[in-house]
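The values are calculated or read from the model by the stated rules, or taken from the named source; none is laboratory data. Nothing here was measured: the structure is a model prediction, and the numbers come from that model. Because the Cβ atoms are built from the backbone with ideal geometry, glycine has one as well, and the counts that use them run over all protein chains shown.
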Amino acid sequence: MTSTPQPHQYEGEAFINNAVYGRKYFERLFGLEALVKGKNQVLHMADPVGHHSQMPQLTKKLGFKYYKFERPWEVYDHKGVPLEFYWEGLDGTRVLCSRTIYSNFHRVGRLLGGHGSVHTDYGEASKRLKELLEELAKHSKTGFILLMDGSDWGLPSLGLLEFVRRWNQEEEIMLTVGTLTDYFRDLEKVKDIPVVRGTLDTMGWVAMYGRRSEVLHVITEATNNLLTAEKAAFIAHLLGKPYPEEDIESLWTSLSLMEFHDNLYQFDEDYREEMKTLKEIKVRAEEITEESLRWVAGRVSMRGDGIPIMVFNPLSWRRRDIVEVDLKFEDTVEAFSVVDFNGKPQPYQILEAEMDGATYKRAKILVATDAPPLGYKALYVVPSKPPRFETTLRFSKGIFENRFYRIKLDDGKIVSVYDKVNGREIVAPSRYSANEILCEKGDVRLLVAKFDRVYGSDVERVELVEEGPVRMRLRIKCQTAGNPVEQYVTLYDDVPRIDFETVIDCKVKEARFRTVFPLNFSRGRLYCDFPFGAEEREPNDEPLVGMERSYGWEGSSGVTHALSWCEVENGDYGVALLNIGDNGYRYEDNNLSLILHLSSEPEKLEHYRVCRLREMAGLGRYVFRYSLYPHVGGWRDGEVCRRSFEYRHPLVGIQASRGRGGLPQEKTFLHIEPSNLILTSLKIEDGEANIRFYDAHGKPVVAEIETGFTLRNPRKTDFLGNVIQKIDVEEFRRVKVKPHEIVNLRMEIEPVC
């Protein structure tokens, strides 16, 4: 790995690229090609939490045989998880694991020199080792104990080799010094190693959710921008533009270095540099996308009148959505329409405009349109009379609605969300309103927290801030325990989501902020996603032991993690809460919360291991985006995975030059069905096309793949490009996919034109 990220916290593609480009990075940096590729077979996730059930498959397809991790060890002890076991993942993949605590030899090694002293006390060291072995044996099913010297805060012991030599002369239990790979190769010879199945840690680090929220937001946005840039650059490459493989690899490597799990241990200067780098990655990815789309547009036969627009869909299914486009007018235009290449009017509204008298110089518009699977579509801005569009968006007397939902506000608080299509009330009567921002105060330390006081919000004003045929937005201004809060609630005429944007001006130290939705279920079941998968969770049944779960202090119960969505459902109806970069949820008594932000007392943080974190104490203005998606049936029926990807990967629109090429005005380059298959990556890697998708629903299917390009020599590979199965072109177009399988396809491609 380039760094050691929390496996549950970042996009699956970010985790894969962290490992793939990290391998290349260290090979170049240290010349360790033979060591990295051959001898190290252990994915060592020292210190992170959130070990989800797709990690065995990820481990194997990243070229590792074994998995080493630790946290949260007290939870595993409580649950009876052995120290050594085979871990069976969601798809049935098994990897041999050890969860021995890193630097567990420290209590012995500190007596062997190298920890501020060169003095060696063999007698006391051997006594402590015997105590340690006796303690570890309680949780071992194999009697094959791993001791780790010199990791994390534990320094290497200078007298280790001499200690081992003397121990082996005097004791019956033999010690061997070696690498982690050496240990696992010996361990796998042991018979009857137990098997553990499923996600190992469903809560993560409870006190960390909301901390440094702005960093996770930018990392998520930069990741999504990079994934879109890869796809746009791939299409441009098909049309003759050199693929920026080195540039993209450099961006992924830089991003991976920002994804380290313990990024609290920084100085203020480090934090500022980190944010600067992340924003540069995000902007550069946007530039690659725009450069690529302009190249593509130049090869499209743009024959319509007016200003041409290219709309790009980075997802592998057809969708109807909204897209923002910046326009610059060269001719005199007093009013205009937006039409597709067949002349059909597209609903739009003007968000911003720069005028020269009565004529437009510049404008930002929001257009509702449909777009083909992973491809482009041409639209045109043409002079016309001011257009009028029918819309179902309304706001009057505390009722905010569209064709899908009716939202009722009482004294500015959302007390009802009614699904008009399915005749279902979503919000239950409660002490809290829907999307109410709660402020929990307590004792916030670096790694643990306690919240024993909860404050609701007091609404000051509600106002309509945006009105049009495509989108309507309300702004609710309120105060939460002395912290000014602005909430924006958005409805669309044609998109069945309710989007929220919350701005918190945090002025209070040692506080956690979360939004709450009291849901109208009598017996709701909770489902959460994670990279390349989803599962049912019961967070209130989890043992609240250990530092990672704040020792069971107030505010720890019911917390769980989700990558991009969490859903409550009862079999015939579900409500999903989507997020962008906020991974902590809490579910208690049908109240579903998304943890937004955490503030700290700087002096408390600095006292712990000399961390200077004044700029990261969480005071100031922070912006959060999330969305509510109600639907009939369970999360599979409602295609929640697809809706979440649409929320995170919006359509891209640019004003294009008038291309005179031979390509049609709408084209698909990659289409994958059925709907349980989710494309996560399309790029050029090592000079070949690389396609990656996964089964989100856990059922065997045949992937029906259509491409807008000619391909040769397709293969199923692991994530490093090693061949798993050779297939022909017809087999490529109908690939068999196992339940929960992450499919990686490599192939040679021919230019389109």
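Some values worked out for this structure:
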quantity: Scope region 190-203; condition assigned to a loop (DSSP other than H, G, I, E, B), at pLDDT 95 or above and either under 19 Å from the mean Cα position of the chain (by Cα) or exposed (fewer than 13 other Cβ atoms within 10 Å of the Cβ) (or both); matching residues; calculated: PRO194, GLY198, THR199, LEU200, ASP201, THR202, MET203
quantity: Residue within region 247-255 that is surrounded by fewer than 24 Cβ atoms within 10 Å (Cβ to Cβ), touching a residue at least 24 places away in the same chain (Cβ under 8 Å) and more than 21 Å from the chain's Cα centre (by Cα) present; calculated: yes
quantity: Breaking point among (1) buried (at least 16 other Cβ atoms within 10 Å of the Cβ); (2) out of contact with any Phe, Trp or Tyr (no Cβ under 9 Å at 6 or more places or on another chain), for GLU352; calculated: (1)
quantity: Pairs, first of a type in the set (Phe, Trp, Tyr) in region 625-648, second assigned to a helix (DSSP H, G or I), C-beta under 6 Å, six or more apart; calculated: TYR629/ARG643
quantity: Residues satisfying the stated conditions in region 153-178, i.e. of a type in the set (S, T, N, Q), surrounded by 13 or more Cβ atoms within 10 Å (Cβ to Cβ) and at pLDDT 90 or above; calculated: ASN168
quantity: Output for region 383-394, where each listed residue is crowded, with 16+ Cβ neighbours inside 10 Å and either aromatic (Phe, Trp, Tyr) or within 28 Å of GLY659 (Cβ to Cβ) (or both); calculated: PRO383
quantity: Options ALA481, ALA511: the member that is under 22 Å from ASN591 (Cα atoms), touching a Phe, Trp or Tyr at 6+ places or on another chain (Cβ under 7 Å) and small (Gly, Ala, Ser); calculated: ALA481
quantity: Whichever residue in region 646-700 is polar (S, T, N, Q) and under 21 Å from PHE530 (Cβ atoms) and, among such residues, is surrounded by the fewest Cβ atoms within 10 Å (Cβ to Cβ); calculated: SER675
quantity: Any hit, region 447-470, residues being in contact with a helix residue (DSSP H, G or I) (Cβ under 7 Å, 6 or more places away or on another chain), surrounded by fewer than 18 Cβ atoms within 10 Å (Cβ to Cβ) and at pLDDT below 95; calculated: yes
quantity: Region 35-93, residues that are more than 23 Å from VAL723 (Cβ to Cβ) and among the small types (Gly, Ala, Ser); calculated: ALA46, GLY50, SER53, GLY80
quantity: Strands (runs of 3 or more DSSP E) enclosed by region 486-577 - at least 3 residues per element that are hydrophobic (A, V, I, L, M, F, W, C); calculated: 498-506, 511-518, 525-530, 565-569
quantity: All strands (runs of 3 or more DSSP E) inside region 337-406 with 3 or more residues being aliphatic (A, V, I, L, M) and not assigned by TED's automatic domain parsing to the domain that holds ILE705; calculated: 348-356, 359-371, 375-383
quantity: Extreme residue, surrounded by the fewest Cβ atoms within 10 Å (Cβ to Cβ), among residues of region 326-339 that are in contact with a Lys or Arg (Cβ under 7 Å, 6 or more places away or on another chain) and under 30 Å from ASN224 (Cβ atoms); calculated: LYS328
quantity: Conditions (1) surrounded by 18 or more Cβ atoms within 10 Å (Cβ to Cβ); (2) at pLDDT 95 or above; number of the one not met by ARG362; calculated: (1)
quantity: Number of positions in region 43-84 that are crowded, with 21+ Cβ neighbours inside 10 Å and not in a helix (DSSP H, G or I); calculated: 18
